[in-house]
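Remarks on the structure that follows.
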Amino acid sequence: MVDSKKPDERIIFMLSPEGQGDGVPMLIIAIPKAAWEYMADTKTNTVDLTKAGLPIKVMIFGCDDRAHAMSIMEEWNAKAGLPTQYDDRDFGVQPIRCSRCGKNNRPNGCFLAGCPMIRK
Ligand SMILES: [Zn+2]
């Protein structure tokens, strides 16, 4: 773990406590070009969200490709004596759909005209 001390080489993050409105906070990360280049050879930038009350720490690093990323993670785990477990599910964030009209919206009240769950 080698975080840059130069502000331009650091990632920038925003924490949205309500996220998509489903009560799950969303972490949004921006990677400026200088930070991207800093991390290119496996150096890291990290975020400790325990300081914001969330039980998670985030580490980001750059690498050549997918195989390189996996070999680095396997190496770190091996040094710690841990197995590497793979999970091929799609972890992409999906849009929230209104439970009444089915369109993309906030789950606790729709704002779309014609929806029976419309909230003013
Ligand atoms: Zn709706």
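Data overview
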read-out: Pairs with Cβ under 8 Å, 6+ apart, first in the range 88-104 and closer than 30 Å to Met70 by Cβ, second surrounded by 11 or more Cβ atoms within 10 Å (Cβ to Cβ); value: Val93/Gln20; Val93/Met26; Pro95/Gln20; Pro95/Asn104
read-out: Flag if Ser71 is in a helix (DSSP H, G or I) and touching a Cys at 6+ places or on another chain (Cβ under 9 Å); value: yes
read-out: Positions within the range 51-97 being among the β-branched types (Val, Ile, Thr) and either surrounded by 11 or more Cβ atoms within 10 Å (Cβ to Cβ) or more than 15 Å from the chain's Cα centre (by Cα) (or both), in sequence order; value: Ile56, Val58, Ile60, Ile72, Thr84, Ile96
read-out: Single match in Leu54, Leu82 (criterion: assigned to a loop (DSSP other than H, G, I, E, B) and free of Cβ contacts under 8 Å to residues at least 24 places away in the same chain); value: Leu82
read-out: Number of the exception - Lys43 against (1) free of Cβ contacts under 8 Å to residues at least 60 places away in the same chain; (2) surrounded by 13 or more Cβ atoms within 10 Å (Cβ to Cβ); (3) closer than 20 Å to Gly92 by Cα; (4) touching a Ser or Thr at 6+ places or on another chain (Cβ under 9 Å); value: (3)
read-out: Answer residue from the range 98-108, given it is near the ligand (Cβ under 8 Å from one of its atoms) and closer than 18 Å to Gly23 by Cα and is surrounded by the fewest Cβ atoms within 10 Å (Cβ to Cβ) among those; value: Ser99
read-out: Pick from the range 78-97, criterion closer than 19 Å to Met26 by Cβ and not acidic (Asp, Glu), ranking: nearest to the ligand (Cβ to nearest atom); value: Arg97
read-out: Scan of the range 10-59 for residues that are over 30 Å from Cys110 (Cα atoms) and hydroxyl-bearing (Ser, Thr, Tyr), ordered by number; value: Tyr38, Thr42, Thr44, Thr46, Thr50
read-out: Test set (1) away from the ligand (no atom under 16 Å from the Cβ); (2) touching a residue at least 40 places away in the same chain (Cβ under 8 Å); (3) more than 23 Å from Ile11 (Cα to Cα) - Met59 fails condition number; value: (3)
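The numbers here are math on the coordinates, done by the rules we state, and not lab data. It should be emphasised that the depicted structure is a prediction, and the values quoted were computed from it without experimental measurement. Using ideal geometry, Cβ is built from the backbone for each residue, glycine included, and neighbour counts are taken over all protein chains shown.
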